[in-house]
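Input: a single structure, listed below in structure tokens.
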Amino acid sequence: MGFKILIGIIIFLVLIQFIQPSHNNGTAEAATDITHTIPVPDTVMTLLKVSCYDCHSNHTEYPWYSKITPVNWWLNNHINEGKRELNFSTFSTGSYKRKDKKMKEISEQLDKHEMPLDSYLWIHTNAKLNDAQRKMIIDWTKTSREKIMQDSLANKRM
Ligand code: HEC
């Protein structure tokens, strides 16, 4: 009896592996990405790519275990929600108002240590930001907000 249940569970675990969400494997760098509207120094870009791009761009680097059901669905959910809030691959397309708001949010999230998500850092230990790195990104959001303001004034719209 116990043996049949065990076999049943194993078959179930194998079968659910075939239920895979679609992968976020477009290109992170596109004509609409952030670099086309705001200068991003290499140092900042490196940090964003390692710590944010998996959930906030059109391209996720999937480690092997992220393909296992249900980890894949859990990650997929984070990617969808993350991209809805902020997508560096399409950042250029927003209004000045939205861009400014997103820069402000990035700064706040880093200040409060809310991003990258803790659950992500358990595994992606290299994505953890130290104080100097966090400050580097926060300083960049400030310069970026000035640039967005100047652009919006030059174009006379928000
Ligand atoms: C594991 C996926 C993941 C990673 C990595 C990640 N985020 Fe997020 N992010 C999310 C999700 C999910 C949301 C939406 C839900 C929430 O706010 O918690 C979000 C929301 C946000 C928001 C909007 C918050 C608001 O004010 O509503 C900002 C800004 C943000 N992330 C910035 C970043 C930055 C900057 C990094 C890198 C330093 C980063 N995130 C890394 C998943 C991620």
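A short reminder: the numbers here are calculations on the coordinates, not readings from a lab. Note that the structure is a prediction, hence the values are computed from the model and not measured. Methodologically, a virtual Cβ is constructed for each residue, glycine included, from the backbone with ideal geometry; neighbour enumeration extends over all protein chains shown.
Classify the range 95-136 as rounded, prolate or oblate from the Cα gyration tensor: take a ≥ b ≥ c as the square roots of its eigenvalues, call it rounded if a/c is under 1.5, otherwise prolate when a/b beats b/c and oblate if not.
prolate
Please get the size of the charge dipole for the chain, origin at its Cα centre, with Cβ charges of +1 on Lys and Arg and -1 on Asp and Glu, quoted in debye to the nearest 20.
Using only the charged Cβ atoms, the result is roughly 400 debye.
Quick check: the angle from helix 42-51's long axis to the longest principal axis of the chain, C-alpha only, nearest 10 degrees?
Roughly 30 degrees between the two axes.
Angle between the Cα long axis of helix 96-111 and the longest principal axis of the chain, 0 to 90 degrees, nearest 10?
On a 0 to 90 degree scale, this one is about 60.
Checking the table Lys104/Lys147; Lys49/Lys112; Lys83/Lys112; Lys104/Lys128; Lys97/Lys156 against a 18 Å threshold on Cα-Cα, which pairs fail?
Flagged as over cut-off: Lys49/Lys112; Lys83/Lys112; Lys104/Lys128.
Tell me the net charge near Asp33. Cut-off is 14 Å between Cβ atoms, Asp33 excluded, with +1 for each Lys or Arg and -1 for each Asp or Glu.
+3
How big is the Cα convex hull of the chain in projection, averaged over all directions, in nm²?
Result: 10.9 nm².
Compute the acute angle (0 to 90°) between the alpha-carbon long axis of helix 131-154 and the principal axis of greatest extent of the alpha-carbon atoms of the chain; round to the nearest 10°.
So the helix axis and the longest Cα principal axis differ by about 50 degrees.
Averaged across orientations, what area in nm² does the convex hull of the alpha carbons in the range 1-79 project?
Convex hull of Cα atoms, orientation-averaged projection: 6.5 nm².
Can you bin the range 67-147 into rounded, prolate or oblate? Criterion: square roots of the alpha carbon gyration tensor eigenvalues sorted a ≥ b ≥ c, rounded for a/c under 1.5, prolate for a/b above b/c, oblate for the rest.
The shape class here is oblate.
Run the dipole for the range 80-158 about the Cα centre, Lys and Arg Cβ at +1, Asp and Glu Cβ at -1, nothing else charged, and hand back the magnitude in debye, nearest 20.
The dipole of the range 80-158 has a size of about 440 debye.
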